[in-house]
Amino acid sequence: MLARAPADPFSLAKGLDRIKSAGLFRTRRTITSAQGARIQADGQQYDNFSSNDYLGLANDARLVEVVQEAVSVYGVGSGASQLICGRSRAHAQLEEALAAYTGRSRAVIFSSGYLANLAVISTFATRREDVVVMDRENHASLVDGALLARASLRRYAHNDVAGLEGLCSGNRTLVATDSVFSMDGSIAALPDIVSVCARRRAMLAVDDAHGFGVLGENGGGALEHFSLDQSRVPILMATFAKACGVMGAFVAGPDDVIETIIQSGRSYIYTTAMPPALAAAAGKALSIVMQEGWRRDKLHALVDRFVRGAKQLELPVLASTTPIQGFLAGSATAAVKGSDYARERGIWLNAIRAPTVPKNTERLRITLTAGHSDDQVDRLLEMLAQLKKQLWP
Ligand SMILES: *Cc1c(COP(=O)(O)O)cnc(C)c1O
């Protein structure tokens with residue numbers, strides 16, 4: 001007779017109880033509408049201040065049409081990884097458009113930003129004696145890339161460029177940073193970081209997931225905003241899942257950088273290519289991002305409106321000039337209470353807790369998009385003013 005497996009050898013039930021009693025239990029809710037500034041879940045409508053759909057393109061009719069057309073040509077699945085037979089003409093065209101748009105020699109497409117960052121770090125820091133230096137608040141995918149690379153990982157305090165320089169002592173050093181930090185909306189001091197990398201002969205990788213499409217005159221992102229070409233920032237990574245409203249990601253840079261990723265990036269080689277229809281949609285999104293500057297103008301006007309209102313109402317909002325704004329709750333319980341309070345009033349806001357952010361800096365994260373109206377922002381501000389009274393009477 002087959003022996004029975006022990007019921008719970010890893011004490012999972014206990015572990016889950018610990019997560020619950022620390023106020024860190026995460027629940028998932030099911031959305032029943034398209035993505036947008038208004039969403040529906042469980043029969044309720046919400047003003048959505050939690051998505052990364054910065055330019056309001058996730059449900060754009062033109063992208064829907066491009067996907068429908070491309071599906072009729074390419075079908076749905078991509079069939080295999082890009083090196084086997086999964087790279088379609090739609091992928092190739094998107095790579096060329098990206099290289100031109102970002103002013104880099106070449107670009108390579110990934111199925112997601114998470115996978116792109118794994119490749120960026122693990123492809124270049126390949127030896128145990130290599131050093132990877134990162135801002136403490138970098139996105140988890142960059143940290144995971146360093147774990148995969150088994151290089152030594154050193155982290156400096158958020159935006160502490162002097163701290164960064166002190167850590168750049170390796171023979172081969174890779175510095176990686178978010179451009180716009182996803183949990184507080186602050187912008188990395190990229191020109192200073194570039195100078196440190198030049199002095200210390202370090203390679204620099206910038207994750208522009210939240211800057212691409214949002215910053216820069218033409219939406220080219222943080223590197224356009226700071227005028228940093230590939231001789232200064234050789235590795236640029238960004239996603240199609242945020243301002244472009246689609247899915248997938250890319251890395252752009254000099255020929256050798258891109259070719260090395262193609263030849264040895266495990267998270268490039270060993271995963272299925274993004275569907276060609278989505279590559280076509282990302283290409284269309286790119287041209288909309290470039291041409292429709294009014295979307296960025298509207299977004300920045302809404303950010304100004306929110307920041308001015310928050311100041312007037314003396315809300316505990318973290319300093320940020322980007323669409324990512326943080327309402328500091330100060331504890332996991334307060335953040336969850338705030339998120340519930342907002343939801344009961346028809347506003348969708350997520351509680352961001354440790355370990356995603358440092359303990360005692362738990363917050364409600366607010367993301368503004370070009371799809372929002374002035375009225376929605378005003379209602380959000382009123383709700384936050386009420387919440388402040390509830391939390392700290
Ligand atoms: C969203 C995000 C990623 C991951 O991108 P996906 O395409 O969602 O996997 C990586 N880095 C940053 C800074 C992000 O915000």
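The values are calculated or read from the model by the stated rules, or taken from the named source; none is laboratory data. Not measured: the values here are computed from a predicted model. Cβ placement follows ideal geometry from the backbone for every residue including glycine, while neighbour counts extend to all protein chains displayed. Just the protein is used for accessible areas: all its heavy atoms, side chains included, with ligands, DNA and RNA removed. Shrake-Rupley method; radii C 1.70, N 1.55, O 1.52, S 1.80 Å.
Calculate how large, on average over all directions, the projected area of the Cα convex hull of region 252-314 is; give the answer in nm² to one decimal.
Details: hull surface 30.8 nm².
Averaged projected area of region 252-314's Cα convex hull equals 7.7 nm².
Only four residue types carry charge here, +1 at the Cβ of Lys and Arg and -1 at the Cβ of Asp and Glu. Report the dipole size of the chain about the Cα centre in Debye, rounded to the nearest 20.
Computed charge dipole of the chain: roughly 1160 debye.
Sticking with the crude label model, points 7 Å out along Cα→Cβ, report the distance from TRP294 to SER373 in nm, one decimal please.
Rounded to a tenth, the inter-label distance reads 1.7 nm.
With contacts defined as alpha carbon pairs under 8 Å and 6 or more residues apart, what's the relative contact order of region 128-209 in percent?
33 percent
With +1 on each Lys and Arg Cβ and -1 on each Asp and Glu Cβ, how big is the dipole of region 183-278 about its Cα centre, in debye rounded to the nearest 20? Mind showing how you got there, number by number?
Values: 6 positive and 10 negative charges, 56 e Å.
For region 183-278, the charge dipole is close to 280 debye.
Taking 1 over the mean of 1/r across every pair of different Cα atoms in region 183-312, what Kirkwood radius in Å do you get?
Taking the inverse mean of 1/r over all distinct Cα pairs, region 183-312 comes out at 16.4 Å.
Grab the beta carbon distance between ASN218 and ARG305, set R0 = 22 Å, and tell me the FRET efficiency rounded to 0.05. All intermediate terms of the calculation are to be shown ahead of the outcome.
On the way: r = 24 Å, r/R0 = 1.08.
The pair ASN218/ARG305 has a calculated efficiency of 0.40.
Over the residues of region 309-393, compute the C-alpha Rg and express it relative to 2.2 N^0.38 Å.
The reported ratio for this selection is 1.01.
What accessible area per residue, rounded to a whole number of Å², is obtained for the chain using a probe radius of 1.4 Å?
47 Å²
Please give me, ordered by residue number, the GluC sites (Glu not before Pro) of region 265-366 that lie in loop per DSSP and have at most 10 other Cβ atoms within 10 Å.
GLU314
Counting each pair of different Cα atoms once, what's the Kirkwood radius of region 48-119 in Å, rounded to one decimal?
Evaluated over region 48-119, this radius sits at 14.5 Å.
Once you put a point 7 Å from the Cα of LEU83 and another 7 Å from the Cα of ARG26, both along the Cβ direction, what distance in nm separates them?
3.0 nm
Arrange the residues HIS210, HIS300 by how much accessible surface each exposes, largest first, with a 1.4 angstrom probe.
Sorted descending by solvent-accessible area, the residues read HIS300, HIS210.
In the chain, with Lys and Arg counted as +1 and Asp and Glu as -1 at Cβ, which of these residues, GLY145, HIS300, ALA176, has the Cα nearest the positive end of the dipole, that is, farthest along it?
GLY145
Please report the antiparallel percentage of the DSSP beta bridges confined to the chain, to the nearest 5.
Details: 24 of 43 bridges.
Bridges in the chain are about 55 percent antiparallel.
To make sure I understand the rule: partners must be aspartates and glutamates, Cα under 18 Å from the Cα of LYS389, and not fewer than 8 residues away in the same chain. Which ones qualify?
Of all the aspartates and glutamates, those that pass the test against LYS389 - Cα under 18 Å, at least 8 places apart if same chain - are GLU314, ASP340, GLU344, GLU362, ASP378.
Compute the Cα gyration tensor for region 265-373, then decide on rounded, prolate or oblate, letting a ≥ b ≥ c be the square roots of its eigenvalues: rounded whenever a/c is under 1.5, prolate when a/b is larger than b/c in the other cases, and oblate in all that remain.
Working: a/c = 2.45, a/b = 1.40, b/c = 1.75.
It is oblate, given that a/c is not under 1.5 and a/b is not larger than b/c.
In square nanometres, what is the average projected area of the Cα convex hull of region 31-175?
Values: hull surface 50.4 nm².
The directionally averaged projection comes out at 12.6 nm².
Give the Cα extents of region 125-213 along the principal axes, in whole Å, largest first.
34, 27, 22
Across all directions of projection, what mean area in square nanometres is found for the Cα convex hull of the chain?
In nm², the orientation-averaged hull projection of the chain is 22.8.
Round to a whole number: what % of the accessible area of the chain belongs to carbon and sulfur, probe 1.4 Å?
Taking all protein chains in place, the chain shows 51 percent carbon and sulfur surface.
Translational diffusion coefficient of region 1-117 at 4 °C, 1.567 mPa s, Stokes-Einstein with Kirkwood Rh over Cα pairs, in µm²/s as a whole number.
The Stokes-Einstein estimate is 66 µm²/s.
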